[in-house]
Amino acid sequence: MCTFLSNTTIPLTTPNFFETKWQSLFEGRNEALVTLAMIFISHEIIYFGRCIPYLIADKIPSLQKYKIQQKTIQNTSENQWKVFRYVLMSHFLFELPMIVGFHPIAVYFGMAIASVPFPSLPKMAAQVFLFFVFEDFFHYWAHRGLHYGPFYKHIHKLHHEWSAPFGLAAEYAHPIEVLILGTGTIGGPLLWCWYSGDLHLVTTVTWMTLRLFQAVEAHSGYDFPWSTHNWLPGWSGSEHHDYHHMAFTNNFSTSFRWWDHIFGTNKKYIAYKERKASELKALKAKKAM
Ligand SMILES: [Zn+2]
Ligand SMILES: [Zn+2]
(Lines give C-alpha, C1' and ligand atoms only; values in the text may rest on other atoms or scores of the structure.)
(Ligands and ions follow the chains in the order given, each with its own letter.)
Protein backbone atom coordinates (compact mmCIF):
# COMPACT_ATOMS: atom_id res chain seq x y z
CA MET A 1 0.00 0.00 0.00
CA CYS A 2 1.49 3.37 -0.98
CA THR A 3 1.29 6.46 1.13
CA PHE A 4 0.45 9.55 -0.93
CA LEU A 5 1.29 13.20 -0.40
CA SER A 6 -1.82 15.33 -0.15
CA ASN A 7 -3.07 16.75 -3.47
CA THR A 8 -0.53 14.77 -5.47
CA THR A 9 -0.13 11.32 -6.89
CA ILE A 10 3.60 11.02 -6.06
CA PRO A 11 4.01 8.14 -3.59
CA LEU A 12 6.03 8.81 -0.44
CA THR A 13 7.27 5.25 -0.40
CA THR A 14 7.13 2.57 -3.04
CA PRO A 15 6.91 -0.94 -1.65
CA ASN A 16 10.24 -2.68 -2.03
CA PHE A 17 10.61 -6.24 -3.34
CA PHE A 18 10.01 -7.87 0.05
CA GLU A 19 7.05 -5.65 0.91
CA THR A 20 5.43 -6.43 -2.46
CA LYS A 21 5.91 -10.17 -1.83
CA TRP A 22 4.49 -9.79 1.68
CA GLN A 23 1.40 -7.99 0.33
CA SER A 24 0.84 -10.62 -2.34
CA LEU A 25 0.93 -13.35 0.32
CA PHE A 26 -2.04 -11.81 2.11
CA GLU A 27 -4.00 -10.37 -0.84
CA GLY A 28 -7.40 -12.03 -1.20
CA ARG A 29 -6.61 -14.60 1.48
CA ASN A 30 -7.64 -15.15 5.06
CA GLU A 31 -5.11 -13.22 7.18
CA ALA A 32 -5.24 -15.68 10.09
CA LEU A 33 -4.61 -18.66 7.81
CA VAL A 34 -1.71 -16.96 6.01
CA THR A 35 -0.15 -16.02 9.36
CA LEU A 36 -0.56 -19.58 10.64
CA ALA A 37 0.93 -21.11 7.48
CA MET A 38 3.79 -18.60 7.41
CA ILE A 39 4.83 -19.20 11.03
CA PHE A 40 4.43 -22.99 10.96
CA ILE A 41 6.12 -23.57 7.59
CA SER A 42 8.97 -21.13 8.30
CA HIS A 43 9.46 -22.78 11.70
CA GLU A 44 9.83 -26.22 10.05
CA ILE A 45 12.17 -24.99 7.32
CA ILE A 46 14.36 -22.94 9.66
CA TYR A 47 14.53 -25.48 12.50
CA PHE A 48 15.34 -28.54 10.42
CA GLY A 49 17.31 -26.52 7.86
CA ARG A 50 19.53 -25.07 10.59
CA CYS A 51 20.28 -28.63 11.78
CA ILE A 52 21.56 -29.74 8.35
CA PRO A 53 25.07 -28.19 8.62
CA TYR A 54 25.56 -30.02 11.94
CA LEU A 55 24.33 -33.30 10.47
CA ILE A 56 26.87 -32.85 7.66
CA ALA A 57 29.59 -31.94 10.19
CA ASP A 58 28.89 -35.25 11.99
CA LYS A 59 30.05 -37.05 8.84
CA ILE A 60 33.30 -35.08 8.40
CA PRO A 61 36.13 -36.62 10.48
CA SER A 62 38.32 -33.49 10.39
CA LEU A 63 35.59 -31.50 12.14
CA GLN A 64 35.28 -33.90 15.07
CA LYS A 65 38.02 -32.05 16.97
CA TYR A 66 35.46 -29.25 17.42
CA LYS A 67 33.03 -31.50 19.31
CA ILE A 68 32.77 -30.12 22.82
CA GLN A 69 32.37 -33.50 24.48
CA GLN A 70 34.85 -35.96 23.07
CA LYS A 71 34.02 -38.88 25.34
CA THR A 72 30.21 -38.95 25.33
CA ILE A 73 28.94 -39.64 21.83
CA GLN A 74 25.17 -39.36 21.49
CA ASN A 75 24.81 -37.90 17.97
CA THR A 76 24.42 -41.35 16.44
CA SER A 77 22.08 -41.84 13.45
CA GLU A 78 19.75 -43.86 15.67
CA ASN A 79 19.45 -41.08 18.26
CA GLN A 80 19.09 -38.37 15.58
CA TRP A 81 16.26 -40.32 13.96
CA LYS A 82 14.51 -40.85 17.30
CA VAL A 83 14.75 -37.13 18.11
CA PHE A 84 13.67 -36.08 14.60
CA ARG A 85 10.49 -38.19 14.85
CA TYR A 86 9.64 -36.88 18.34
CA VAL A 87 10.26 -33.23 17.43
CA LEU A 88 8.20 -33.52 14.23
CA MET A 89 5.33 -35.08 16.21
CA SER A 90 5.68 -32.34 18.84
CA HIS A 91 5.54 -29.63 16.17
CA PHE A 92 2.26 -30.96 14.77
CA LEU A 93 0.57 -32.00 18.01
CA PHE A 94 1.71 -29.30 20.46
CA GLU A 95 3.23 -26.34 18.63
CA LEU A 96 0.71 -26.12 15.76
CA PRO A 97 -2.27 -25.56 18.13
CA MET A 98 -0.26 -22.86 19.91
CA ILE A 99 0.49 -21.18 16.57
CA VAL A 100 -3.25 -21.33 15.70
CA GLY A 101 -3.86 -19.14 18.75
CA PHE A 102 -1.16 -16.66 17.76
CA HIS A 103 -3.05 -14.55 15.16
CA PRO A 104 -6.10 -13.59 17.26
CA ILE A 105 -3.87 -12.76 20.24
CA ALA A 106 -1.46 -10.74 18.06
CA VAL A 107 -4.40 -8.81 16.53
CA TYR A 108 -5.86 -8.22 20.02
CA PHE A 109 -2.55 -6.73 21.15
CA GLY A 110 -2.45 -4.50 18.03
CA MET A 111 0.31 -6.12 15.97
CA ALA A 112 0.49 -4.97 12.32
CA ILE A 113 0.07 -8.09 10.20
CA ALA A 114 -0.45 -7.60 6.45
CA SER A 115 0.28 -3.89 6.17
CA VAL A 116 3.36 -2.30 4.61
CA PRO A 117 5.77 -0.52 4.74
CA PHE A 118 7.89 -2.65 7.02
CA PRO A 119 9.53 -0.97 10.00
CA SER A 120 13.01 0.44 9.39
CA LEU A 121 15.94 -1.95 9.91
CA PRO A 122 17.29 -0.06 12.98
CA LYS A 123 13.83 -0.25 14.59
CA MET A 124 13.55 -3.97 13.84
CA ALA A 125 17.05 -4.60 15.21
CA ALA A 126 16.28 -2.69 18.43
CA GLN A 127 13.00 -4.56 18.96
CA VAL A 128 14.58 -7.96 18.24
CA PHE A 129 17.36 -7.17 20.74
CA LEU A 130 14.74 -6.25 23.33
CA PHE A 131 12.96 -9.60 22.75
CA PHE A 132 16.28 -11.45 23.16
CA VAL A 133 16.83 -9.73 26.52
CA PHE A 134 13.27 -10.39 27.72
CA GLU A 135 13.30 -14.03 26.60
CA ASP A 136 16.68 -14.67 28.16
CA PHE A 137 15.54 -13.33 31.55
CA PHE A 138 12.25 -15.27 31.36
CA HIS A 139 14.04 -18.41 30.20
CA TYR A 140 16.61 -18.13 32.99
CA TRP A 141 14.00 -18.24 35.76
CA ALA A 142 11.60 -20.66 34.04
CA HIS A 143 14.47 -23.04 33.27
CA ARG A 144 15.81 -22.75 36.83
CA GLY A 145 12.29 -23.53 38.07
CA LEU A 146 12.15 -26.58 35.80
CA HIS A 147 15.18 -27.95 37.65
CA TYR A 148 13.17 -28.01 40.91
CA GLY A 149 12.61 -31.67 41.98
CA PRO A 150 9.09 -32.60 40.81
CA PHE A 151 9.16 -30.23 37.83
CA TYR A 152 12.44 -31.74 36.73
CA LYS A 153 11.25 -35.30 37.22
CA HIS A 154 7.93 -34.91 35.39
CA ILE A 155 8.74 -32.23 32.78
CA HIS A 156 12.33 -31.18 32.15
CA LYS A 157 14.01 -34.60 32.48
CA LEU A 158 12.98 -35.46 28.91
CA HIS A 159 15.05 -32.59 27.48
CA HIS A 160 18.00 -33.77 29.59
CA GLU A 161 17.91 -37.24 28.04
CA TRP A 162 20.88 -35.95 26.04
CA SER A 163 23.92 -35.14 28.18
CA ALA A 164 25.91 -34.49 24.98
CA PRO A 165 23.28 -32.69 22.88
CA PHE A 166 23.06 -32.25 19.11
CA GLY A 167 21.18 -29.65 17.04
CA LEU A 168 17.95 -31.58 16.54
CA ALA A 169 17.58 -31.97 20.33
CA ALA A 170 16.93 -28.23 20.82
CA GLU A 171 13.14 -28.72 20.83
CA TYR A 172 13.19 -32.26 22.24
CA ALA A 173 11.07 -31.38 25.25
CA HIS A 174 7.89 -32.18 27.18
CA PRO A 175 4.80 -30.31 25.84
CA ILE A 176 4.47 -28.38 29.13
CA GLU A 177 8.08 -27.22 28.74
CA VAL A 178 7.34 -26.21 25.14
CA LEU A 179 4.38 -24.15 26.42
CA ILE A 180 6.31 -22.55 29.29
CA LEU A 181 9.43 -21.66 27.32
CA GLY A 182 7.37 -20.70 24.25
CA THR A 183 5.70 -18.07 26.46
CA GLY A 184 9.10 -16.42 26.81
CA THR A 185 9.50 -16.32 23.04
CA ILE A 186 6.13 -14.81 22.22
CA GLY A 187 5.61 -12.94 25.52
CA GLY A 188 8.19 -10.27 24.68
CA PRO A 189 6.59 -9.24 21.35
CA LEU A 190 3.07 -9.26 22.85
CA LEU A 191 4.09 -7.18 25.88
CA TRP A 192 5.96 -4.75 23.64
CA CYS A 193 2.94 -4.50 21.34
CA TRP A 194 0.65 -3.84 24.30
CA TYR A 195 3.02 -1.20 25.70
CA SER A 196 3.98 0.63 22.51
CA GLY A 197 1.38 -0.37 19.90
CA ASP A 198 4.28 -0.45 17.46
CA LEU A 199 5.19 -3.90 16.23
CA HIS A 200 4.97 -5.60 12.85
CA LEU A 201 4.60 -9.33 12.24
CA VAL A 202 7.71 -9.26 10.05
CA THR A 203 9.76 -8.23 13.12
CA THR A 204 8.17 -11.01 15.17
CA VAL A 205 8.95 -13.60 12.47
CA THR A 206 12.54 -12.29 12.25
CA TRP A 207 12.86 -12.62 16.03
CA MET A 208 11.47 -16.18 15.99
CA THR A 209 13.92 -17.10 13.21
CA LEU A 210 16.94 -15.78 15.12
CA ARG A 211 15.72 -17.46 18.31
CA LEU A 212 15.58 -20.80 16.45
CA PHE A 213 19.11 -20.25 15.13
CA GLN A 214 20.23 -19.58 18.71
CA ALA A 215 18.50 -22.68 20.13
CA VAL A 216 19.86 -25.08 17.50
CA GLU A 217 23.40 -23.70 17.76
CA ALA A 218 23.30 -23.90 21.58
CA HIS A 219 22.48 -27.62 21.33
CA SER A 220 24.80 -28.38 18.42
CA GLY A 221 27.56 -29.87 20.57
CA TYR A 222 30.16 -28.13 18.38
CA ASP A 223 32.42 -25.22 19.29
CA PHE A 224 33.73 -24.06 15.93
CA PRO A 225 36.09 -21.06 15.64
CA TRP A 226 33.21 -19.29 13.86
CA SER A 227 30.56 -20.22 16.48
CA THR A 228 28.66 -17.13 17.61
CA HIS A 229 30.04 -16.99 21.17
CA ASN A 230 33.59 -16.78 19.77
CA TRP A 231 32.94 -13.40 18.13
CA LEU A 232 29.93 -11.98 20.04
CA PRO A 233 30.87 -10.97 23.61
CA GLY A 234 28.41 -12.16 26.27
CA TRP A 235 26.69 -14.67 23.95
CA SER A 236 26.05 -18.07 25.59
CA GLY A 237 26.25 -20.32 22.56
CA SER A 238 27.00 -24.02 22.37
CA GLU A 239 29.92 -24.12 24.78
CA HIS A 240 27.80 -22.58 27.60
CA HIS A 241 24.65 -24.69 27.13
CA ASP A 242 26.58 -27.89 26.45
CA TYR A 243 27.98 -27.68 29.99
CA HIS A 244 24.40 -27.44 31.33
CA HIS A 245 23.48 -30.68 29.56
CA MET A 246 26.69 -32.39 30.64
CA ALA A 247 26.52 -31.35 34.32
CA PHE A 248 22.71 -31.06 34.75
CA THR A 249 23.30 -27.80 36.64
CA ASN A 250 24.49 -24.20 36.17
CA ASN A 251 24.12 -22.10 33.00
CA PHE A 252 20.32 -21.76 32.98
CA SER A 253 20.14 -18.81 30.60
CA THR A 254 19.80 -19.27 26.87
CA SER A 255 21.17 -16.35 24.83
CA PHE A 256 23.44 -14.34 27.11
CA ARG A 257 25.82 -15.25 29.94
CA TRP A 258 25.07 -12.32 32.23
CA TRP A 259 22.14 -13.71 34.33
CA ASP A 260 24.12 -16.80 35.37
CA HIS A 261 26.98 -14.48 36.27
CA ILE A 262 24.76 -12.04 38.23
CA PHE A 263 22.84 -14.77 40.09
CA GLY A 264 25.92 -16.93 40.71
CA THR A 265 24.75 -19.98 38.78
CA ASN A 266 27.93 -20.29 36.74
CA LYS A 267 30.41 -21.09 39.55
CA LYS A 268 30.71 -24.82 38.81
CA TYR A 269 31.03 -24.04 35.10
CA ILE A 270 33.84 -21.51 35.72
CA ALA A 271 35.64 -24.01 38.00
CA TYR A 272 35.27 -26.72 35.31
CA LYS A 273 36.70 -24.43 32.64
CA GLU A 274 39.64 -23.51 34.87
CA ARG A 275 40.30 -27.18 35.58
CA LYS A 276 40.19 -28.02 31.86
CA ALA A 277 42.53 -25.12 31.03
CA SER A 278 45.11 -26.21 33.63
CA GLU A 279 44.88 -29.84 32.44
CA LEU A 280 45.56 -28.65 28.88
CA LYS A 281 48.47 -26.51 30.06
CA ALA A 282 49.99 -29.48 31.93
CA LEU A 283 49.55 -31.71 28.87
CA LYS A 284 51.30 -29.19 26.61
CA ALA A 285 54.16 -28.83 29.12
CA LYS A 286 54.51 -32.62 29.27
CA LYS A 287 54.63 -32.84 25.46
CA ALA A 288 57.24 -30.07 25.30
CA MET A 289 59.57 -31.95 27.66
ZN1 LIG B 1 17.98 -27.88 32.09
ZN1 LIG C 1 18.95 -27.67 26.31
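Listing for the model above:
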item	result
Test result for THR203, closer than 30 Å to ILE41 by Cβ, β-branched (Val, Ile, Thr) and within 16 Å of ligand 2 (Cβ to nearest atom)	no
Check on PHE151, within 16 Å of ligand 1 (Cβ to nearest atom), at pLDDT 95 or above and in contact with a helix residue (DSSP H, G or I) (Cβ under 9 Å, 6 or more places away or on another chain)	yes
Filtered residue count, region 206-238, keeping only those that are away from ligand 2 (no atom under 13 Å from the Cβ) and among the aliphatic types (A, V, I, L, M)	4
So PRO189, is it more than 16 Å from ligand 2 (Cβ to nearest atom) and surrounded by fewer than 19 Cβ atoms within 10 Å (Cβ to Cβ)	no
GLU161 closer than 30 Å to TYR66 by Cβ, within 16 Å of ligand 1 (Cβ to nearest atom) and touching a residue at least 12 places away in the same chain (Cβ under 8 Å)	no
Selection within region 239-279 - among the aliphatic types (A, V, I, L, M) and away from ligand 2 (no atom under 13 Å from the Cβ)	ILE262, ILE270, ALA271, ALA277
Candidate set from region 159-173 (those that are over 15 Å from TYR47 (Cβ atoms) and in a helix (DSSP H, G or I)); member that is farthest from the chain's Cα centre (by Cα)	GLU161
Test for HIS139: is it under 20 Å from SER253 (Cβ atoms), without any contact (Cβ under 8 Å) to a residue 40 or more places away in the chain, part of a helix (DSSP H, G or I) and within 12 Å of ligand 2 (Cβ to nearest atom)	no
So ALA114, is it surrounded by fewer than 17 Cβ atoms within 10 Å (Cβ to Cβ) and not hydroxyl-bearing (Ser, Thr, Tyr)	yes
Conditions (1) more than 14 Å from the chain's Cα centre (by Cα); (2) touching a residue at least 40 places away in the same chain (Cβ under 8 Å): number failed by ILE155	(2)
Cβ-Cβ under 6 Å pairs, at least 6 apart or on other chains, region 258-272 side farther than 12 Å from ALA247 by Cα, far side outside any helix (DSSP H, G or I) and not hydrophobic (A, V, I, L, M, F, W, C)	TRP259/SER253; ASP260/ASN251; ASP260/SER253; ASP260/ASN266; THR265/ASN250
Residue match in region 68-81 (condition: among the acidic types (Asp, Glu), surrounded by 15 or more Cβ atoms within 10 Å (Cβ to Cβ) and part of a helix (DSSP H, G or I))	no
LEU63 at pLDDT 95 or above, surrounded by fewer than 17 Cβ atoms within 10 Å (Cβ to Cβ) and either outside any helix (DSSP H, G or I) or among the aliphatic types (A, V, I, L, M) (or both)	yes
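Okay, residues lined up against (1) assigned to a loop (DSSP other than H, G, I, E, B); (2) surrounded by fewer than 16 Cβ atoms within 10 Å (Cβ to Cβ); (3) at pLDDT 95 or above; (4) within 15 Å of ligand 1 (Cβ to nearest atom):
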residue: TRP226; (1), (2), (3), (4): yes, yes, yes, no
residue: LEU232; (1), (2), (3), (4): yes, yes, yes, no
residue: PHE252; (1), (2), (3), (4): yes, no, yes, yes
residue: TRP259; (1), (2), (3), (4): no, no, yes, yes
residue: GLY264; (1), (2), (3), (4): yes, yes, yes, no
residue: TYR269; (1), (2), (3), (4): no, no, yes, yes
residue: TYR272; (1), (2), (3), (4): no, yes, yes, no
residue: LYS281; (1), (2), (3), (4): no, yes, no, no
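The values are calculated or read from the model by the stated rules, or taken from the named source; none is laboratory data. Predicted model only: the values in this text are computed from it and were never measured. All Cβ positions, even for glycine, are placed from backbone atoms using ideal geometry, and neighbour counts span all protein chains on display.
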